[in-house]
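Below is one structure, written out as structure tokens, with a few remarks after it.
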Amino acid sequence: MKSILFNSDKMKPERFFLIIAFLFGVSFLVLTPPFQSPDEINHFYKAYQISEGQFVSVKEDQRVGGYIPVSLVKVTELFLGLRWNAASKINSKTILGQFAIPLNEKEKVFVDFPNTAMYSFVSYLPQASIICVLRVFESPPLVLFYGARFFTLLCWIWSVFYVLKIIPFYKWFFVLMTLLPMSVFINMSLSADMVTNSISFILISYLLKLAYEEDRISNKKMAFVYLLVFLLASAKLVYIPVIVLFILIPKEKWHKPSVYYTQGIGLFVFAFATVVMWSMIMAHLYTPYSVYNTQFRDGITLVSCANMYEQLHYILTHGFYIFKVLMHSMKYSFDMYFQGCIGTFGWLDTYLPMSVIHASYAVLFIVACLDGAKAYTLSLYNKCIILSSLLATLFLILVSQHLTWDCVGGDVILTIQGRYFMPVFPLLFLLCYRDKSVQPKIVVWLVMSFSIVILLLTMKVLYERYYIS
């Protein structure tokens, strides 16, 4: 095993990723108790709802969610006390005992999950698909849960494997980035982030492939780009600025310059139309705390002083207010963003040491500067395009969170988690790209050894968090 993993001359980046992502992904899956990633309970409910063919959630009696088997609610109750409480522990025998709870699909109850109800079904296709299959066998709720986790992990591994096969350069950097502890942790969970991360990475890598490897851009290739844009806009509209990378593709790759401009404009219009479509479909579901059913609004994922429509009006009528908020937030909440991209686990209650976080960023920048290739050059113009895509996405992420989760007129964005930046993480480090590789063996050894060490450390952190009193 050692000779296979550490032979830098023979090990391909996609093979190394496949081995390590599967081994540690399964390890994280087993070590992390059920429903211990952010909002994993509500993601489970939403995925189950979609598995029954109900692609849009229900709003009734000023409540938002859907009818879910009572057994699903019952199986989550034991694990609620683990959230936000680092002193709370569990043992494997207790977890195994919950497999005895039968599904009993006929006995249902209305459950509130207003946050995940706003997501499109696209974000839950892997989770819902396997739940649909397992429901045929009347599998217990916890089997549905772990089955969904495992299949989600496999889908993510396949997605990154595909990215590593098609991206023209930065393969070892992508391995390092995707094997960061936070990446493995969130992508083995039921979080909707897995689909967003995967689609964004595929779109970024495919646009780079079109820009740097393909001689001609056919209609078939553009159709695939349109499909990816539709999926990304459906999953999370704030990441749509990724399509700005289309500008990297030289217009000479089309038989006529007019076709290039037509395709580019058409792509942006298509993305905007997709966003508008989903906004119209989901708009009726949005129900702020102030008008939510008073008997059920406390204790669910709502902020009492937040109101998206009032916040938007406040932003539009107060000049440079939003830019002041953004600047203040980058200063006030920077540690949360900085740490969350690398290793903030559980319900934001379990962390890697800050020394490890700093070391991770150092290694990321070192590999980003060294993992170059003479055959590919990113000009200053190209890097400006990448930077504009990155900044536009960051702006939308921050504003969307401020609209939804902060008090109206608040001066700081409190709810941003570092994992929200993961879909565009590659864009930040592409700015460091150099068109030459300095001792590539060092890059390979650094990525391989650092990834294994930091993932082993994360396993220790997770084990101590949930099982050691």
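The values are calculated or read from the model by the stated rules, or taken from the named source; none is laboratory data. Just so it is clear, the model here is predicted, and its values are computed rather than measured. Cβ: placed from backbone, ideal geometry, glycine included. Neighbour counts: every protein chain shown.
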- Query: Quick check: anything in the stretch 82-97 hydrophobic (A, V, I, L, M, F, W, C), within 29 Å of SER234 (Cβ to Cβ), surrounded by fewer than 21 Cβ atoms within 10 Å (Cβ to Cβ) and more than 24 Å from the chain's Cα centre (by Cα)?
  - Reply: no
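Using the structure shown, decide if LEU29 is under 20 Å from the mean Cα position of the chain (by Cα) and in contact (Cβ under 8 Å) with a residue 60 or more places away in the chain.
Working: under 20 Å from the mean Cα position of the chain (by Cα): yes; in contact (Cβ under 8 Å) with a residue 60 or more places away in the chain: yes.
Criteria met by LEU29.
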- Item | Selection from the stretch 429-442 of residues that are modelled with pLDDT of 90 or more and out of contact with any Lys or Arg (no Cβ under 6 Å at 6 or more places or on another chain) | PHE429, LEU430, CYS432, TYR433
- Of the residues in the stretch 83-102, those that are assigned to a loop (DSSP other than H, G, I, E, B), hydrophobic (A, V, I, L, M, F, W, C) and closer than 18 Å to LEU72 by Cβ number 1
- Note on the structure: Filtering the stretch 47-70 down to residues that are touching a residue at least 24 places away in the same chain (Cβ under 8 Å) and either at positive phi or part of a strand (DSSP E or B) (or both) yields VAL58, LYS59, GLU60, ASP61, GLN62, ARG63, VAL64, GLY65, GLY66, TYR67, ILE68, PRO69
- Options SER71, SER51, SER88, SER139; residue that is farther than 27 Å from TYR466 by Cβ and among the hydroxyl-bearing types (Ser, Thr, Tyr): SER51
- Task: Quickly run through the stretch 206-220 and pick out the residues that are within 15 Å of VAL163 (Cα to Cα), charged (D, E, K, R) and assigned to a helix (DSSP H, G or I).
- Result: LYS209
- Message: Under 8 Å between Cβ atoms, which residue pairs at least 6 apart in sequence (or on different chains) link something in the stretch 272-287 that is under 16 Å from VAL122 (Cα atoms) and outside any helix (DSSP H, G or I) with a partner that is among the aromatic types (Phe, Trp, Tyr) and at pLDDT 90 or above?
- Response: none
- In the stretch 284-335, which residues are loosely packed, with under 12 Cβ neighbours inside 10 Å, polar (S, T, N, Q) and more than 30 Å from GLU77 (Cα to Cα)? THR317
- Message: Just to verify a result, which residue in the stretch 260-274, among those that are under 22 Å from the mean Cα position of the chain (by Cα) and surrounded by 15 or more Cβ atoms within 10 Å (Cβ to Cβ), is nearest to GLN62 (Cα to Cα)?
- Response: THR274
- Considering the stretch 223-241 alone, what residues qualify as being hydroxyl-bearing (Ser, Thr, Tyr) and out of contact with any Pro (no Cβ under 6 Å at 6 or more places or on another chain)? TYR226, SER234
- Query: Quick one: which of PHE22, PHE44, PHE16 is assigned to a helix (DSSP H, G or I) and surrounded by fewer than 16 Cβ atoms within 10 Å (Cβ to Cβ)?
  - Reply: PHE22
- Task: Would you be able to say whether some residue in the stretch 142-163 is under 17 Å from the mean Cα position of the chain (by Cα), under 14 Å from HIS43 (Cβ atoms), not in a helix (DSSP H, G or I) and not basic (Lys, Arg)?
- Result: no
- Query: From the list TYR361, TYR381, which residue is free of Cβ contacts under 8 Å to residues at least 24 places away in the same chain and closer than 30 Å to GLU464 by Cβ?
  - Reply: TYR361
- Query: Would it be correct to say that TYR124 is hydroxyl-bearing (Ser, Thr, Tyr), under 30 Å from MET308 (Cα atoms) and not in a helix (DSSP H, G or I)?
  - Reply: no
- Sole residue being free of Cβ contacts under 8 Å to residues at least 12 places away in the same chain and more than 22 Å from the chain's Cα centre (by Cα), chosen from MET354, MET327: MET327
